[in-house]
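> This is the structure I want to talk about, given as structure tokens.
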Amino acid sequence: MSDCVSLVELSISCSNLLDKDVGSKSDPLCVLLQKNQETWTEVGRTEKLMNSSSPSFSTRLRVQFHFESVQNLKFCIYDIDNKTSDLKDDDFLGGAELTLGQIVSSKSVTRPLQLKKDKPAGKGSITVTAEEVKDNRALQLELEAKNLDKKDTFGKSDPFLEIFKQGDDGKWVLVHRTEVVKNNLNPVWKKFCVPLQTLCSGDLDRPLRVDCSDHDSDGSHDLIGSFSCSVAALQKMASFDCIHPEKQKKKKSYKNSGSVHVKNAKILTQYTFLDYVMGGCQINFTVGIDFTGSNGDPRSPQSLHYMSPDGLNQYLTALWSVGQVIQHYDSDKLFPAFGFGAKLPPDYQVAHHDFALNFNPSSPYCQGIEGVVEAYRRVLPQLRLSGPTNFSPIINHVSSIATGAATNNTASQYFVLLILTDGEITDLDQTSDAIVRSSALPLSIIIVGVGPADFSAMKLLDGDDGILKSTSGEKVHRDIVQFVPFRDFKEAPMAALAQSVLAEVPSQVVSYFKMRGLEPLKPQEKK
């Protein structure tokens, strides 16, 4: 295996996109797919921009560059509906296929967008620019403005900031966009963090330009004023006058259109998933398996729990696929495994929603993925499938263990719960509450939907369609749920499912420890 691996950051912009919306421009988003064998897997997506036919996305997408292999990438542009983030074929605005080698060797590549092979998407084009990531530091900023110009006739301005860096070719490149603060001439923007590689290519004196604009829903934002600076200048906690060039030309008495103040500026080290794992963080893997009646009688070939002649079913295939990858990050390879939705021997009186697969509640551990599979095969004939489909008991069980680990205040433990289920969830409110509570803990939840059921509630828990809230209105602290329907991978290589469901775990691990301000363990701290 070659050691010639580096991290590459891709920035994406488009021009002349098709307009699919009636009476307004499209609301585009870019999805990046990478080809593994014959399967395309999503590796990242940009933010959605409202009413823009020539968007510049501020979200950078990072890909590992392997010199020794051809890495096929597909950039897909979609017009995303306000109410959902589903990717529908009808909303496809065009795509382009490139290899990472092409992009890296040219630094910047522009290609026409295609709807299908040899069918152009109007005059639309995409530009992808690559930059090697060599710096693991980031600048954390808190900014506010004072006395901004009023741009709206019937209200105050709705200001937001855009930060640009000067490229090697002298052109300005968008590197960050803040949120919009509504109806406020003295806005305070949320604290944000930008990698120094993105912000200034690691050069603290590289020229930056900051535009302060009034947001308009039709995309025709009005410039309030701009100023020039550098990371070094921002670190000095300075104040900057917002200057509108046209007003400066016309009025001799003109001073500014308001000012932007740096409330806080701090350079932080950004650690990676590998930094934490190589520092000794243990990934603790727990399995929960659905034994509700909707799966069908395991003795029937129509049942999702029916063992085929090769000794497998969809549950075991999913378990093998994900477990084979994740077990390498757990040193003792002792995996707690639980079932839910079944009546247990000897009395078969009530359904249990959090029972040990090995029938040993004081020690529910199985040795490796093989041990989980063995326990599943042994217990299946002894159960009576029942219901309802309750997720919250098993999530709360694992959360209680993660709570104990969180009190250590070290980056030593992280938990991944894999739930394999066939159907609609019954305790959606309780599960939402459990997930919101768990989002403050070192825990990720992977849900694999088995069979042909309607999994719309699972997509709600995933949070990709909006921010998940508890029944009391509390928002999740961070995204911890990943849902994937197994049917999407039935014809794909086994590794494709694991790649998809585990794709978000590294960033979720990093987001938790970053939220807690915990650095990777040093050698003497390893447990």
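Here, each number is a calculation from the coordinates, and none is a lab measurement. Computed from a predicted structure; not experimentally measured. Heads up, the Cβs are rebuilt from the backbone with ideal geometry, glycines too, and the neighbour counts pull from every protein chain shown.
> Debye sum, Cα scatterers, segment 137-269, no solvent: what log₁₀ I/I(0) at q = 0.10, 0.13, 0.14 1/Å?
-0.31, -0.53, -0.61
> What is the gain in length, in nm to one decimal, between residue 403 and residue 251 on full extension, counting 0.36 nm per residue of separation less the C-alpha to C-alpha distance?
48.6 nm
> Then there is this: May I ask which residue of 286, 350, 305 lies farthest towards the positive end of the charge dipole of the chain, with charges of +1 (Lys, Arg) and -1 (Asp, Glu) on Cβ and the Cα centre as origin?
286
> In degrees from 0 to 90, rounded to the nearest 10, what is the angle of the helix 368-379 Cα long axis to the longest principal axis of the chain?
Result, in degrees: 50.
> Something else about it: Okay, which of segment 110-129 sit inside 19 Å, backbone N to the point 7 Å along the Cα-Cβ direction of residue 21?
124-125
> Let me ask you something else. Through the Karplus equation 6.51 cos²θ - 1.76 cosθ + 1.60, θ set to phi - 60°, convert the phi angles of segment 337-345 into ³J(HN,Hα) values in whole Hz; use x for Gly and Pro.
10, 10, x, 8, x, 10, 8, 10, x
> For the chain, build the convex hull from the C-alpha positions and give me its volume per residue in Å³.
Cα-based convex hull of the chain, divided per residue, equals 183 Å³.
> Explain nothing, just the number: dipole magnitude of the chain about its Cα centre with +1 on each Lys and Arg Cβ and -1 on each Asp and Glu Cβ, in debye rounded to the nearest 20. Display every interim value, and only then the final one.
Values: 57 positive and 64 negative charges, 343 e Å.
Dipole about the Cα centre, nearest 20: 1640 debye.
> Hey, what does the equivalent ellipsoid look like for segment 5-132, semi-axes from the Cα gyration tensor as sqrt of 5 times each eigenvalue, largest first, whole Å? Could the numbers behind the result be given before it?
Details: eigenvalues 121, 41, 39 Å².
Result for segment 5-132: semi-axes of 25, 14, 14 Å.
> Compute, for segment 137-269, the length of the dipole vector about the Cα centre, with Cβ point charges of +1 (Lys, Arg) and -1 (Asp, Glu) only. Units Debye, rounded to 20.
So the dipole magnitude of segment 137-269 works out to roughly 500 debye.
> So for segment 204-295, averaging the separation of alpha carbon pairs under 8 Å that are six or more residues apart and normalising by length, what relative contact order in percent results? Could you put the intermediate results ahead of the total?
Numbers: 104 pairs, mean separation 18.5, N = 92.
It rounds to 20 percent for segment 204-295.
> Helix 428-438 against the longest principal axis of the chain: what's the angle in degrees, Cα atoms only, rounded to the nearest 10?
Roughly 70 degrees between the two axes.
> Taking loop as defined by DSSP and a crowding limit of 16 other beta carbons within 10 Å, which GluC sites (Glu not before Pro) in segment 1-65 fit?
Passing sites in segment 1-65 are 38, 47.
> Calculate the dipole size of segment 384-483 relative to its Cα centre from +1 charges on Lys and Arg beta carbons and -1 charges on Asp and Glu beta carbons; express the result in debye to the nearest 20.
320
> Now for a separate question. Using the charge dipole of the chain (Lys, Arg: +1 at Cβ; Asp, Glu: -1 at Cβ; taken about the Cα centre), state which of 106, 166, 411 has its Cα farthest towards the positive end.
Farthest along the dipole direction, towards plus: 166.
> When only alpha-carbon atoms are used, what values of Rg and Dmax, in angstrom, describe segment 407-527?
In Å, with Rg to one decimal and Dmax whole: 15.7, 50.
> Given the DSSP H assignment, sum -39500 (n - 2.57) over each helix run of at least 4 residues in the chain and divide by its residue total; what's the result at 222 nm in deg cm²/dmol, nearest 500?
Values: 12 runs with 107 residues, N = 527.
One gets -5500 deg cm²/dmol as the mean residue ellipticity at 222 nm.
> Could you give the spread of the C-alpha atoms of segment 447-490 along their three principal axes, from largest to smallest, in whole angstroms?
Reported extents, whole Å, longest axis first: 37, 17, 14.
> Turning to a different aspect of this structure: If each of residue 516 and residue 62 carries a label point 7 Å out from its Cα toward its Cβ, how far apart are those two points in nm?
The answer from the label model is 2.0 nm.
> Counting only C-alpha contacts under 8 Å and six or more residues apart, can you give the relative contact order of segment 137-269 as a whole percent? Present the calculation step by step, with values, prior to reporting the outcome.
Values: 315 pairs, mean separation 42.5, N = 133.
Taking the mean separation of contacting Cα pairs over the length of segment 137-269, I get 32 percent.
> Using Cα pairs under 8 angstrom and six or more residues apart, how large is the relative contact order of the chain, in percent?
Relative contact order here is 11 percent.
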